[in-house]
Amino acid sequence: MDDLWPENLAANRIKSPVTILKEQASLLGQKTQNAVQAQVRSIEADYQGYWETLTEKEMKLRYEFCILAPGLGNYRYKLFTISHNVDLYPVIFNLDEGVAGEMEDDRFEKRGTEVLAKSEKEFSDMLKEILRSERTKEIIQVLFSQSTDMHGDLESLERSEA
């Protein structure tokens, strides 16, 4: 049988939006000694937002980015979702309202809580804005504080029982 596929199909590996999100998620756990973590997971593709008409293709790939506090019963806070099609870009961010309220950068097209990233560079720039926003820092700091307070209380209890 003849092989009709082109050579080097996987040679130019493109970094997908979900790969970038997972890389950043792993860094949060490292920065907080895993008291606060981030999780990326695939969710049902039911996107029906403003930018759906920008492309004739439906946004079939959808992920959520959550801040997770294992020490608080795996409390989860959804920071944003992204949606895109097989072409990867554009990517539509649907942001937490607090984070969206901070986004005043004219580099990004924004409608309410939705922001459009047309390229990998715009995606990375937008993600940086989200992760460094005051709202994101506040959420992480509160969860970190509560997680470490809870952990300290448990250690005190264990010592007193011994």
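The values are calculated or read from the model by the stated rules, or taken from the named source; none is laboratory data. This one's a predicted model, so the numbers in the text were calculated from it and none came from an experiment. When we count neighbours, we look across all protein chains shown, and the Cβ atoms used for this are built from the backbone with ideal geometry, even at glycine.
So, of the residues in the range 70-87 that are over 22 Å from Phe144 (Cα atoms) and in contact with a strand residue (DSSP E or B) (Cβ under 8 Å, 6 or more places away or on another chain), which turns out to be surrounded by the most Cβ atoms within 10 Å (Cβ to Cβ)?
First, the residues of the range 70-87 that are over 22 Å from Phe144 (Cα atoms): 81-87.
Then drop every residue that is not in contact with a strand residue (DSSP E or B) (Cβ under 8 Å, 6 or more places away or on another chain), which leaves 81-86.
Details: Thr81: 19, Ile82: 27, Ser83: 25, His84: 24, Asn85: 17, Val86: 7.
The residue in question is Ile82.
Residues of the range 114-143 that are surrounded by 14 or more Cβ atoms within 10 Å (Cβ to Cβ), touching a helix residue (DSSP H, G or I) at 6+ places or on another chain (Cβ under 9 Å) and either within 18 Å of Glu23 (Cβ to Cβ) or among the charged types (D, E, K, R) (or both): Glu114, Ala117, Glu120, Phe123, Ser124, Leu127, Glu129, Ile130, Leu131, Arg135, Thr136, Ile140.
Within the bounds of the range 108-130, is there any residue that is free of Cβ contacts under 8 Å to residues at least 40 places away in the same chain, over 17 Å from Gln39 (Cα atoms) and aromatic (Phe, Trp, Tyr)? Yes, the range 108-130 has at least one match. Scanning the range 18-42 for residues that are farther than 16 Å from Lys137 by Cα and charged (D, E, K, R) yields Lys22, Glu23, Arg41. Residue count for the range 1-59 satisfying the condition of being at pLDDT below 90 and not in a loop (DSSP other than H, G, I, E, B): 5.
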